[in-house]
Amino acid sequence: MPVNMDDVECICTNLRAAALAGTDFYDARLRPAGMKVTMFRLLRQIQRTSSPTLTKLADRMGLDRSTLGRNVRVLERQGLVAMSIAKDERSKELFLTTEGVAALNAAIPLWERAQEEMAAILGPETEKLIETLRTLSQISRPNNEKAGVNDQ
């Protein structure tokens, strides 16, 4: 007997819907700073990572290097990020420009308020949900790498 999808609680469908809703929620709150949550996350990771190369950031953020590279180029064109030759001279390190620091500083209080709002919406199980999401985010990472998953 075939299964009616309406009768099944599809975890994947619910995860995707929640991820889209969460992204929309944060994007709306960061809009006054002229930024989306994807930009915010990348700027924050560059700020928080020691000697951030594309490879290091891609690993830390759970993205493939080419996707990250495309995202970085957008931020470069906006004047928020620049690159310099790394210490080993074989790669390039990313850094926030003065404009990038200013944009991030304008966005941080908006993100903090969004965090508070989201925690209020999610209620007392927020910490448990975050731990569950962190665990889930590890299933596709090689060697179950955990660096940077919980950093915004």
Margin query: Tell me whether the range 38-61 contains one or more residues that are in a helix (DSSP H, G or I), without any contact (Cβ under 8 Å) to a residue 12 or more places away in the chain, within 19 Å of the chain's Cα centre (by Cα) and surrounded by 11 or more Cβ atoms within 10 Å (Cβ to Cβ).
Written below: yes
If we keep only residues of the range 62-95 that are of a type in the set (A, V, I, L, M) and in a helix (DSSP H, G or I), then the residue farthest from MET35 (Cα to Cα) is LEU68
Check: Is it fair to say ARG41 is among the basic types (Lys, Arg), closer than 19 Å to THR98 by Cα and in contact with a helix residue (DSSP H, G or I) (Cβ under 9 Å, 6 or more places away or on another chain)?
Finding: yes
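Does SER66 qualify as being hydroxyl-bearing (Ser, Thr, Tyr) and surrounded by fewer than 11 Cβ atoms within 10 Å (Cβ to Cβ)? Quick ask: steps written out before the conclusion?
Working: hydroxyl-bearing (Ser, Thr, Tyr): yes; surrounded by fewer than 11 Cβ atoms within 10 Å (Cβ to Cβ): yes.
In short, yes.
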Exercise. Check the range 59-74 and report whether any residue there is modelled with pLDDT of 90 or more and more than 30 Å from SER140 (Cα to Cα).
Key: no
GLY34 vs (1) open to solvent by 30 Å² or more (accessible area, probe 1.4 Å); (2) touching a residue at least 60 places away in the same chain (Cβ under 8 Å); (3) under 15 Å from the mean Cα position of the chain (by Cα): all pass except (3)
Those residues of the range 93-152 that are at pLDDT 95 or above, within 27 Å of SER51 (Cα to Cα) and open to solvent by less than 80 Å² (accessible area, probe 1.4 Å) come to a total of 13
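The values are calculated or read from the model by the stated rules, or taken from the named source; none is laboratory data. Here the structure is a predicted model, which means the values were calculated and not measured. Note that we place each Cβ from the backbone using ideal geometry, even for glycine, and neighbour counts take in every protein chain shown. SASA here: full protein model, heavy atoms, side chains in, ligands and nucleic acids out. Shrake-Rupley method; radii C 1.70, N 1.55, O 1.52, S 1.80 Å.
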